Amino acid sequence: MTEPAAKSVAVRNFSFSYESSGVWQLSNISLDVAPGERLAIMGATGAGKSTLTMALNGLVPHHHEGQVSGEVVVEGLSTTDYDVVEIVRRVGLVMQDPETQITGQTALDDAAVGPANFGLPRAEVINRATAALELVGMGDLLDRDTNLMSGGQKQRLVVAGVIAMNSDIIVLDEPTSELDPQGTAEVFEIVRRLSADGKKTVVLVEHEPELIADWADRLVVLDGGRVLFDGQPADFFGNARMLATAGLRPPHVVEAASALLAANRLTIPSGGRVPITLSEAIETFPTWDVALAPVRMVLDVPVARENSAEIVIEARGLGHVYPGDVVALQDVTVSISAGEFVAILGRNGAGKTTFARHLNGLLRPTSGELIIGGKPTSDKAVSELAVDVGYVFQNPDHQIFANSVREEIGYGLGNLGWEPERIRVRVDAVLDQVGMSDLAEKHPFTLGKGQRQRLAVASVLALKPRVLVIDEPTTGQDWLGATSMMSLVRELNENGHTIVMITHDMSLVAEHSRRALVFAEGALIADANPHELFSSAEILQRGTLVAPQIATLAAVLGCPQPVTTVTEFCAQWGVEVNHAL
Amino acid sequence: MRFEYQPGNTLLHRLDVRTKLFGFVAVLVMTFLFQQWVPNLALALIAAVLMLWAGARAVVLLKILGPLSFIAIIVAAFAAFAYAPTETTAPEFSRVVGSLFDGSLPLTVGGISHGISLALRILTMVMLTTLLLITTPIKHFVAAMRQVRVPHFIVFIVMTALRFIPTMQHRADQVLDAQRARGARIDQGGMVRRIRAYIPIMVPLIASGIRMSDDLAAAMVNRGYGATPRPTALFTLQAAVRDYSAVVLILAALTAVVTLRIMGWWSL
């Protein structure tokens, strides 16, 4: 089976259904990838992105078996005829979750796994692994224990392991989805470097449209296992109807440009197109001028709640030192009032989680004190504090154990010693609150990721905590899932729950929180509202945070007030944004 | 972790893992050859000294031996009483020094020696195992397995299991925290209640373990696992002069002990 060498990958009418799933994860996909191309793949959860990446190197259908029709041809070899060990020499795949892809004890051991499996001479194996680690910026960490690495380092290590296999084609499946802004920037820099000289063909699955717009030559959008779009990224991002069908959001600048175009506040020269990157936007948008916005709208600027509200969380000189003299948190003094919506920001290891875990007693201060609802927490057990402070963890699968949604939600109440009848009534109320009443008897593992996350919130909400600590509520979810989760959180806040949200997503901060606490190296370095935060280069730099794209654009164009969301941006031009899809 | 490799540069760290394994087996054979308590005490003391030399702090040593000594004492007591006077070879060991239940359970000199020996063997074995683990990086054990031609899939299983112990430990902590945040009380109540309390911990942990093993399998194939039956080894063990000298010394000691033992020393 030979193919012209002009194509790196040719996917021909390829369909695939996992054994016993009864659904076509991919149906009738056809696409060609040219050598040296930078191809991005987008799509909502369940659109078939991961399945497609695994089809490109033969894991589908060899490792994950199922029903197949059509074929995938990689550098002339059909993946159905050749074994995976042959295909992986040509297509390297960086899968999701670096944790399960690392088998070596040290960085060098792990990066060497691929070439060692090929049986190459020892010197060659070490050379390749070392070179790959240098390429991902880990040349000085060859002997680092893989168990002691940060999330960003693990992700870069996995990329190095795939680079060391020397394939012409590299496929990356959402390599930045679980990283902090710094880690994301580092990994994306590697992707850029890999694809810079056109020697490697790079296929990238990514959910951040800003990153895609800036990098990709070509975009393929999947929807329900089919190719919805295949072409220039600008053609897709400029097409509101197609975005809605795919359930994706465009880059901020596209959203802003579309709104201004519709209101005749922006003109695009004939033959031009909607700007999709920051630099294009800076060229296209006129510098802000008061004359451009005769009816400039006054926005309801988010401000911190008045001081009269009751203080629910008060930390005084709070510090925590882990065994081995690791200072994780030092001298944090802050108070949070009832009804606030506070975002906790900072890079991984900055002390965000350490701080949050004190709030419900999972950690005890090693210095200073923490007062919840006016009472010191030192003599309270976690199970007592659970009623005051609910903690929703990042990964719902770390807590789901019951056979039904109802049982899962009732677990905490059972722990409090409630009677079954009383639990039933309370669970019904919570189910209603989170909009899951029709799923009460379902098995939690049959729910989608977004629904499981919602279930985790519900199971904590059942205890009626005044404060909800929510750790990365949108990680691993597509835009629709994230939006629906955030509207739930916002609703809970409006109903009086105090929200403390740990997040890496600066757009979420801009949209929802009224106050941000920024941590760096265990210290609280800033306590500001989003406007102050995103207009202070100093805080952003110290906290290794990146302002939302729209905030940067507004600053360059000279918008008068600090702008952190697309809505605020458009208001500067006197344009109201319709947020419906 | 008490049983993890602790980097160091003592002779014990530098010896080849194969030499250390040989020494380990040799001492085990010796402790079983010695039936009297004095030489066993000597071996236990040697093991303790070696541990301190290898850099284990005295506190760690006590932490390991503390809980064990309780078991050791019980074992010693039972063995001492269970030892029948007729089993001894020399009359002085049959001398009864006391008894329980009106003389139906006599305690002999030989019995005491036997009981203490058993207890000391346990302590010696635990100390030596710890010594081996704290002075030898995992990668040396793996290399040793590879060099004695253990099939690659077995080497891989061992390597992966060791690599994932901290990961699973971390996962278990996460699950435990998530359930504690919902008011779970794991350490309270009777036996049945405690076991029931562990279900919310075990179910997510097992489910996540299964998912991880599934992903790991895909990741292995993805890295070309199985392309050759014997992947290139990055690290191979090299025996040095010190290893040969150590092996000679160990052999000499072992021969001496066996010879003396045949001549009837240290038996009961």
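The values are calculated or read from the model by the stated rules, or taken from the named source; none is laboratory data. Bear in mind the structure is a predicted one, so any value in this text is a computation, not a measurement. With ideal geometry, Cβ positions are generated from the backbone for all residues, glycine too; neighbour counts draw on all protein chains shown. Ligands, DNA and RNA are stripped out before the accessible areas are found, and what is left, the full protein with its side chains, is counted by its heavy atoms. Shrake-Rupley method; radii C 1.70, N 1.55, O 1.52, S 1.80 Å.
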Next item on the list: Give the carbon-plus-sulfur fraction of the accessible surface of the protein assembly as shown in %, rounded to a whole number; probe 1.4 Å, heavy atoms of protein chains only.
Entry: 57 percent
Next item on the list: Calculate one ³J(HN,Hα) per residue across segment A:132-147 by plugging θ = phi - 60° into the Karplus curve 6.51 cos²θ - 1.76 cosθ + 1.60, and present them in order as whole Hz with x for glycine and proline.
Entry: 5, 5, 5, 4, 8, x, 10, x, 9, 10, 3, 9, 5, 5, 5, 6
Notebook entry, point to check: Can you pull the percent of Cα pairs in the protein assembly as shown with separation above 48 Å?
Noted result: 34 percent
Item checked: Fraction of alpha-carbon pairs over 16 Å apart in segment A:100-202 - percent -> 53 percent
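Please give the peptides B:167-175, A:173-181 ranked by average Cβ packing (other Cβ atoms within 10 Å per residue), highest first, as a rough proxy for protection. All intermediate terms of the calculation are to be shown ahead of the outcome.
Values: B:167-175: 16.3, A:173-181: 21.8.
Listed from highest to lowest mean packing, they are A:173-181, B:167-175.
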Note to self: So, for segment B:142-222, what is the accessible surface per residue at a probe of 1.4 Å, expressed in square angstrom?
What the structure shows: 52 Å²
Notebook entry, point to check: Say a paramagnetic label sat at a point 7 Å from the Cα of residue B:236, along Cα to Cβ; which residues of segment B:133-177 have their backbone N under 18 Å from it?
Noted result: B:139-152
Checklist line | Inter-chain shielding of A:56-63 (mean C-beta neighbours from other protein chains, 10 Å cut-off) | finding: 2
Next item on the list: Taking chain B as the reference, fit the longest principal axis to its C-alpha atoms, fit the long axis of helix B:37-53 to the helix C-alpha atoms, and give the angle between the two in degrees, 0 to 90, nearest 10.
Entry: 40 degrees
Notebook entry, point to check: Using Cα atoms only, what is the angle between the long axis of helix B:109-135 and the major principal axis of chain B, expressed in degrees (0 to 90) to the nearest 10?
Noted result: 30 degrees
Next item on the list: Normalise the Debye intensity by I(0) for segment B:142-222, one equal point scatterer per Cα, no solvent, then take log10 at q = 0.26, 0.27 Å⁻¹ and round to two decimals.
Entry: -1.21, -1.25
Note to self: Using the Karplus curve 6.51 cos²θ - 1.76 cosθ + 1.60 with θ = phi - 60°, what ³J(HN,Hα) values do you get for each residue of segment A:483-496, in whole Hz, with x for Gly and Pro?
What the structure shows: 4, 6, 5, 5, 6, 5, 4, 5, 4, 4, 5, 5, 7, x
Notebook entry, point to check: For peptide A:109-119, how many partner chain Cβ atoms fall within 10 Å of a residue's Cβ, on average?
Noted result: 6
Check: Hey, what do the phi angles of segment A:25-36 turn into as Karplus ³J(HN,Hα) couplings, whole Hz, using 6.51/-1.76/1.60 and θ = phi - 60°, x for Gly and Pro?
Finding: 5, 10, 9, 6, 7, 10, 7, 10, 10, 8, x, x
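May I ask for the accessible area buried between chains B and A, both sides summed, probe 1.4 Å, to the nearest 100 Å²? Display every interim value, and only then the final one.
Working: alone 16730 and 24950 Å², together 37120 Å².
In total, chains B and A hide about 4600 Å² from solvent.
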Check: residue A:32's amide H: which non-local residues (gap 5+, or another chain) put their own amide H closer than 5 Å, with H modeled 1.01 Å from N in plane and none for Pro or chain starts?
Finding: A:11
Note to self: Output the 0 to 90 degree angle, nearest 10, between the alpha-carbon long axis of helix B:241-262 and the longest principal axis computed from the alpha carbons of chain B.
What the structure shows: 40 degrees
